[in-house]
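Engineer: Pasting a structure below so you can have a look.
The values are calculated or read from the model by the stated rules, or taken from the named source; none is laboratory data. Quantities reported herein were computed from a predicted structural model and do not represent experimental measurements. Neighbour counts run over all protein chains shown; Cβ positions are idealised from the backbone, glycine included.
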């Protein structure tokens with residue numbers, strides 16, 4: 001510049017002054033380089049300030065002080081416009097956009113004038129490779145001109161949506177590819193975001209323009225603003241997320257199936273995070289098992305072991321946890337917990353597996369299920385008790401049959417009398433067991449036992465009149481199985497004796513049975529009248545032995561017999577054993 005001014009190729013001194021003022025006051029950095037680019041002949045104050053120098057400090061210095069030789073390409077003529085890393089006075093660097101004057105290209109032997117400007121951070125990473133990366137990630141760029149409504153698509157965006165690249169469609173036409181209600185919602189959402197000056201993002205179903213195929217797209221964008229801050233357009237990216245949406249839907253479907261399965265199975269689902277001892281309960285059943293409301297939150301391992309789990313079961317759970325951690329196997333443990341809401345003890349089964357951070361890494365969390373197995377355990381205990389009770393009853397029944405056989409044989413006078421007596425006694429025994437089996441609580445009604453034996457001898461003038469021969473008077477009494485069999489056999493023997501020798505052996509005899517229960521003791525009174533004169537027995541038959549031996553030994557009953565001449569009389573006092581609720585099959 002100076003050489004040309006001296007040769008008269010520059011304006012006059014006044015003009016030079018104006019150029020100098022413009023040079024010094026420029027809002028951008030200006031630098032004049034020697035033809036070979038090795039020397040800075042002049043640098044304006046703006047550039048000096050950006051690089052940390054005082055005005056004039058860079059004049060006449062080597063250009064290497066600001067721009068390294070590798071940034072030039074050998075000489076000034078080879079220098080190209082673009083972003084350059086410049087060196088500051090303190091050794092740091094500053095990215096500046098360098099623009100060469102047209103004069104440098106037309107006059108390679110003259111001075112080189114370069115303009116340098118600050119670079120936005122986003123510009124530093126914007127390159128053709130970035131566009132390739134966007135395409136590789138499945139992202140297409142788009143622009144929406146709010147004034148004209150025109151949509152502009154990159155090649156990838158156009159491929160996703162089914163349009164030609166560039167300015168190929170308006171928003172008014174494009175929204176027809178979206179369900180009307182969804183298009184209204186999206187437009188309102190975008191308008192709200194633009195009015196608030198914030199970016200927006202949405203996902204929606206879209207009919208591709210080329211083939212009408214339904215795809216899912218995800219779009220993000222933000223407003224382009226005019227100098228007055230008013231939005232004039234929107235720029236953003238679009239992505240085909242059909243595969244992701246379908247994968248999420250499949251996952252949601254699997255999770256729903258899991259929820260249904262666990263609900264049907266009454267399983268609670270949980271996660272326990274090891275490092276911070278934090279538990280997440282995934283479904284309502286988990287809260288129901290522990291008797292907690294969702295707003296009360298879940299409990300961690302420390303609270304579970306110290307406050308919820310039964311003290312006797314804590315070592316079992318700790319050993320199960322350590323074994324699962326050490327052997328990397330499934331955790332399985334059973335124990336009793338105290339419910340939070342009602343304080344009752346319930347038995348639970350817990351199963352789960354630890355998730356680790358990588359192969360052989362530390363455990364991160366335990367994922368598992370919990371089942372309330374209280375009823376199942378009670379059922380198993382009841383079943384075991386019923387089996388033991390069955391064994392006991394079969395043993396007693398076989399002993400009773402053996403006694404019936406022996407006693408009947410000893411008292412029988414012939415084969416026919418043996419057969420008659422034996423069959424009758426076995427039928428009575430079978431009837432009593434039938435009553436016991438049909439009863440829910442494995443008991444037999446005293447009234448039913450008496451009726452079954454005595455009703456064949458009953459007589460009444462009408463259906464509603466009192467019976468002339470049999471009188472039963474007493475409250476409902478259910479006999480537990482422990483005493484129902486021997487008392488049923490005793491009733492059979494008393495009835496048989498009355499029919500053979502006593503009041504029921506004649507047409508005018510009468511039997512009256514009355515009973516009551518006081519302080520857990522059954523009092524029964526058997527009284528015969530109207531039969532033949534009674535003679536005390538000369539020998540003890542089966543009935544006598546049954547009454548005296550079986551009832552007193554097995555039932556702990558007190559028995560009194562009176563062979564009065566006008567009719568046989570018996571009183572019985574037998575304690576009623578307490579029922580075992582575990583034997584109730586409906587409990």
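Engineer: Which of the residues spanning region 235-269 are modelled with pLDDT under 90 and not in a helix (DSSP H, G or I)?
Structural biologist: 235, 236, 265, 266, 267, 268, 269
Engineer: Can you say whether residue 91 is part of a strand (DSSP E or B) and modelled with pLDDT under 90, as far as the supplied structure shows?
Structural biologist: No.
Engineer: Moving to a separate point now. Please determine, by comparing only the residues of region 156-172 that are free of Cβ contacts under 8 Å to residues at least 24 places away in the same chain and outside any strand (DSSP E or B), which one is surrounded by the fewest Cβ atoms within 10 Å (Cβ to Cβ).
Structural biologist: First, the residues of region 156-172 that are free of Cβ contacts under 8 Å to residues at least 24 places away in the same chain: 156, 158-159, 164-168, 170, 172.
Next cut, outside any strand (DSSP E or B) only: 156, 158-159, 164-165, 172.
Details: 156: 23, 158: 22, 159: 16, 164: 12, 165: 14, 172: 9.
This residue is 172.
Yes or no, residue by residue, for (1) in the same structural domain as residue 142 (by TED's automatic domain parsing); (2) touching a residue at least 12 places away in the same chain (Cβ under 8 Å):
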{"residue": "206", "(1), (2)": "yes, yes"}
{"residue": "209", "(1), (2)": "yes, yes"}
{"residue": "216", "(1), (2)": "yes, yes"}
{"residue": "229", "(1), (2)": "yes, no"}
{"residue": "273", "(1), (2)": "no, yes"}
{"residue": "284", "(1), (2)": "no, no"}
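Engineer: Return the residues of region 502-515 that are surrounded by fewer than 16 Cβ atoms within 10 Å (Cβ to Cβ) and more than 18 Å from residue 451 (Cβ to Cβ); say none if nothing qualifies.
Structural biologist: Within region 502-515, the first condition is being surrounded by fewer than 16 Cβ atoms within 10 Å (Cβ to Cβ), and the residues that meet it are 505-508, 514.
Result: 505, 506, 507, 508.
Engineer: To continue, here is another question. Going by the conditions given, is residue 143 in contact with a strand residue (DSSP E or B) (Cβ under 8 Å, 6 or more places away or on another chain) and surrounded by fewer than 16 Cβ atoms within 10 Å (Cβ to Cβ)? Even if it seems obvious, please write down each step before you answer.
Structural biologist: Working: in contact with a strand residue (DSSP E or B) (Cβ under 8 Å, 6 or more places away or on another chain): yes; surrounded by fewer than 16 Cβ atoms within 10 Å (Cβ to Cβ): no.
So residue 143 fails the test.
Engineer: Report the residue count in region 38-48 for those that are part of a loop (DSSP other than H, G, I, E, B) and surrounded by 20 or more Cβ atoms within 10 Å (Cβ to Cβ). Break it down stepwise before answering.
Structural biologist: First, the residues of region 38-48 that are part of a loop (DSSP other than H, G, I, E, B): 38, 44.
Adding the requirement that they be surrounded by 20 or more Cβ atoms within 10 Å (Cβ to Cβ) leaves 44.
So the count comes out to 1.
Engineer: May I pose another question? Can you find even one residue in region 290-309 that is under 18 Å from residue 374 (Cβ atoms) and surrounded by fewer than 16 Cβ atoms within 10 Å (Cβ to Cβ)?
Structural biologist: So the first thing to find is which residues in region 290-309 are under 18 Å from residue 374 (Cβ atoms), and the list is 290-292, 304, 308-309.
Next, only the ones that are surrounded by fewer than 16 Cβ atoms within 10 Å (Cβ to Cβ) stay: none.
No, every residue in region 290-309 fails to be under 18 Å from residue 374 (Cβ atoms) and surrounded by fewer than 16 Cβ atoms within 10 Å (Cβ to Cβ).
Engineer: Restricting to region 364-375, count the residues that are surrounded by fewer than 18 Cβ atoms within 10 Å (Cβ to Cβ), farther than 14 Å from residue 279 by Cα and either touching a residue at least 60 places away in the same chain (Cβ under 8 Å) or under 20 Å from the mean Cα position of the chain (by Cα) (or both).
Structural biologist: 1
Engineer: Further question on the same structure: Answer with yes or no whether residue 486 is surrounded by fewer than 16 Cβ atoms within 10 Å (Cβ to Cβ), touching a residue at least 24 places away in the same chain (Cβ under 8 Å) and in contact with a helix residue (DSSP H, G or I) (Cβ under 9 Å, 6 or more places away or on another chain).
Structural biologist: The answer is no for residue 486.
Engineer: Check 318, 292 and return the single one that is modelled with pLDDT of 90 or more and not in a helix (DSSP H, G or I).
Structural biologist: On the way: 318 fails: not in a helix (DSSP H, G or I).
From the options 318, 292, the qualifying one is 292.
Engineer: Right, something else. Answer yes or no as to whether residue 382 is at pLDDT below 90, in a helix (DSSP H, G or I) and farther than 18 Å from residue 280 by Cα. Step through it out loud before you land on a result.
Structural biologist: Working: at pLDDT below 90: yes; in a helix (DSSP H, G or I): yes; farther than 18 Å from residue 280 by Cα: yes.
Yes; evaluated as a whole, the condition is true for this residue.
Engineer: Working only within region 188-219, note down all residues that are buried (at least 17 other Cβ atoms within 10 Å of the Cβ) and part of a helix (DSSP H, G or I).
Structural biologist: Hits for region 188-219 are 190, 193, 194.
Engineer: Moving on. Quick check on region 119-131. Is at least one of its residues in contact with a strand residue (DSSP E or B) (Cβ under 7 Å, 6 or more places away or on another chain), outside any helix (DSSP H, G or I) and at pLDDT 85 or above?
Structural biologist: no
Engineer: Which of (1) out of contact with any helix residue (DSSP H, G or I) (no Cβ under 6 Å at 6 or more places or on another chain); (2) more than 27 Å from residue 381 (Cα to Cα); (3) assigned to a strand (DSSP E or B) does residue 298 not meet, given it meets every other one?
Structural biologist: (3)
Engineer: Sticking with this one: Residue under question is residue 361, and the condition is that it be over 15 Å from residue 270 (Cβ atoms) and exposed (fewer than 15 other Cβ atoms within 10 Å of the Cβ); does it hold? It would help to see each step written out before you state the result.
Structural biologist: Values: over 15 Å from residue 270 (Cβ atoms): yes; exposed (fewer than 15 other Cβ atoms within 10 Å of the Cβ): yes.
For residue 361, the condition - over 15 Å from residue 270 (Cβ atoms) and exposed (fewer than 15 other Cβ atoms within 10 Å of the Cβ) - is met.
Engineer: Which members of region 1-37 meet the condition of being modelled with pLDDT under 80, under 19 Å from residue 58 (Cβ atoms) and assigned to a loop (DSSP other than H, G, I, E, B)?
Structural biologist: Residues satisfying the conditions are 1, 35, 36, 37.
Engineer: Among the residues of region 552-569, which ones are surrounded by 12 or more Cβ atoms within 10 Å (Cβ to Cβ), part of a strand (DSSP E or B), free of Cβ contacts under 8 Å to residues at least 40 places away in the same chain and out of contact with any helix residue (DSSP H, G or I) (no Cβ under 8 Å at 6 or more places or on another chain)?
Structural biologist: 562, 563, 564
Engineer: While we're here: Does residue 228 meet the test of being at pLDDT 90 or above and either outside any helix (DSSP H, G or I) or surrounded by 16 or more Cβ atoms within 10 Å (Cβ to Cβ) (or both)?
Structural biologist: For residue 228, the condition - at pLDDT 90 or above and either outside any helix (DSSP H, G or I) or surrounded by 16 or more Cβ atoms within 10 Å (Cβ to Cβ) (or both) - is not met.
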